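Here is the structure we will look at, set down as structure tokens.
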């Protein structure tokens, strides 16, 4: 968490992290995609819940963040093969990942890209796979404020509505951290 503060990244809080670890364990996740590596805090939570033979594929456009994440994974005792770190914009990298091969997709990146990440997750996840979107309450819980009309808040509301109304997803919101929208692919 200290490394995250140093480079200006908001780290996943412990309550949301433990929920993420639990979800990875419940899913018996062996293959996970993380969109938004940050400094590795959420990746550590995911790895802690994944199967021992699991591989975390984590994507971030910032090489310095990934360097810090790689160091955090090593310091936690994870073998280098447990995390595949890909530098690049998620929307450029995701089309290159295999269809239907992932147990869990975690999104904690630019809110403006969440809708495209949901579309990509539909393709990437196996049936029964889990999509988790972080920060769905918006900045200071603005999603619940009907007067809030900024682009990120409107986008988060629209994503929640689309997921709720879709026959392809089974959603629930976990009210931890800044909100985790958890969605099972049917």
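We did not get these values from a lab; they are worked out from the coordinates using the rules stated. Bear in mind that the values here come from a model prediction, so they are computed numbers and not experimental data. Neighbour counts are summed over all protein chains in view; Cβ atoms, including those assigned to glycine, are modelled from backbone coordinates with ideal geometry.
The ranking of 85, 173 from fewest to most other beta carbons within 10 Å of each one's beta carbon is 173, 85.
For residue 92 and residue 30, the FRET efficiency from 1/(1 + (r/R0)^6), where r spans their Cβ atoms and R0 equals 25 Å, is about 0.50. Computed over the stretch 2-185, the percent of Cα pairs more than 19 Å apart is 55.
Over the chain, dividing the summed -39,500 (n - 2.57) contributions of all DSSP H runs of at least 4 residues by the number of residues returns a 222 nm mean residue ellipticity of -11000 deg cm²/dmol. Where both bridge residues fall in the stretch 2-185, DSSP classifies roughly 35% of the beta bridges as antiparallel. The stretch between residue 22 and residue 116, if pulled fully straight at 0.36 nm per residue, gains 31.3 nm over its current Cα-Cα span. Sequence-distant contacts, meaning Cα pairs under 8 Å at least 6 residues apart, place the relative contact order of the chain at 19 percent. Distance from the Cα centroid of the stretch 111-134 to that of the stretch 11-66 is 15 Å (rounded to whole angstrom).
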